[in-house]
Amino acid sequence: MRIFFAAVLSVIAYHAVNAQSANLPKFETGSRKKCFVYNPSAGDSLIYEVQTDAGETYLFKIFLKQYDPFDENSDQYCTVMDWISTSSKGGKGSIYVSCNALSDADKYVNFFFPGITMLKSNMSAIFLSRKSYHERSEQTIYIDQKPVTLFELFGNPAMDVTVRNKKKKYTLEAYKLVDNESFNYIDPSYASHHEIWVQANSRSPLIVYMKLPQFTLTLKEIK
């Protein structure tokens, strides 16, 4: 109960949508022909498809109740995400991410627990921090408490993820980050154990695809 009231007070104390975020178009032209970058805003829903190593496929739905990534150096919770899983185990809850985390986090959470989770100021979810985005050529981050060294594979946003938005489809361009073994392995057929595609948007580096030993996650739809 104490955590719940702390979360509510944090949201009330912090303005819901920053003017900078509200004034951005939802989709902007990317660096390549017919490619786009997506600008998240409060009220958006993100629909991910998850495939587990056990063979299960389900949807992981994120609703951005609050999203204000532009206020750096603040430990207030400027991003609030409700989530629901359609997996056989089900589950739903809320994740609170601080402004500091969106700016500088090097730890990422992928396994969500039902109820309210207020992440520490060095932990993020769904979004890479802007620090991780700018240091993507080589960096060590923590994924579910385990250190992973990632390298940018191509040096440009060479990856594409196609998402639906209403009746249209948009191709989002993304950078591909892979683990050390994949980066140094000569055989191109080698299957990476850790792979992250982050959209080419320094303001909002949303993870659009992730492959981990336990599952893969792919952004399919933005509402």
#### Entry: Förster radius 22 Å - calculated FRET efficiency between Asn156 and Asp82, Cβ distance, rounded to 0.05
0.05
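What FRET efficiency comes out for the pair Leu24/Gln51, r = Cβ-Cβ distance, R0 = 30 Å, nearest 0.05? Don't jump to the answer; show the numbers that get you there.
Values: r = 32 Å, r/R0 = 1.05.
Efficiency computed from Cβ-Cβ geometry: 0.40.
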### Message
Under the 0.36 nm per residue contour assumption, what length would be gained going from the current alpha-carbon distance of Glu221 and Lys167 to full extension?
### Response
18.4 nm
### Query
So what are segment 81-170's ellipsoid semi-axes, whole angstrom, largest first, if each one is the square root of 5 times an eigenvalue of the alpha-carbon gyration tensor?
24, 21, 13
### Task
In nm, give the distance between the simple-model label positions of Lys120 and Thr149, each being 7 Å from the Cα along the Cα-to-Cβ direction.
2.3
### Message
Less than 21 Å apart at the alpha-carbon level, and either on another chain or at least 8 residues along: which lysines does that give for Lys65?
### Response
Lys26, Lys92, Lys120, Lys166, Lys220, Lys223
#### Entry: Order by protection proxy (mean Cβ within 10 Å, highest first), peptides 117-124, 134-141, 29-36
117-124, 134-141, 29-36
### Task
Note the full-extension length gain between Arg32 and Ser202 as 0.36 nm times their separation in residues minus their Cα-Cα distance, in nm to one decimal.
59.6 nm
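Laboratory data are not the source of any read-out in this text; all were calculated from the coordinates shown. This is a predicted model, so every value here is computed, not measured. Don't worry about glycine lacking a Cβ; one is built from the backbone with ideal geometry, like all the others, and counts go over all protein chains shown.
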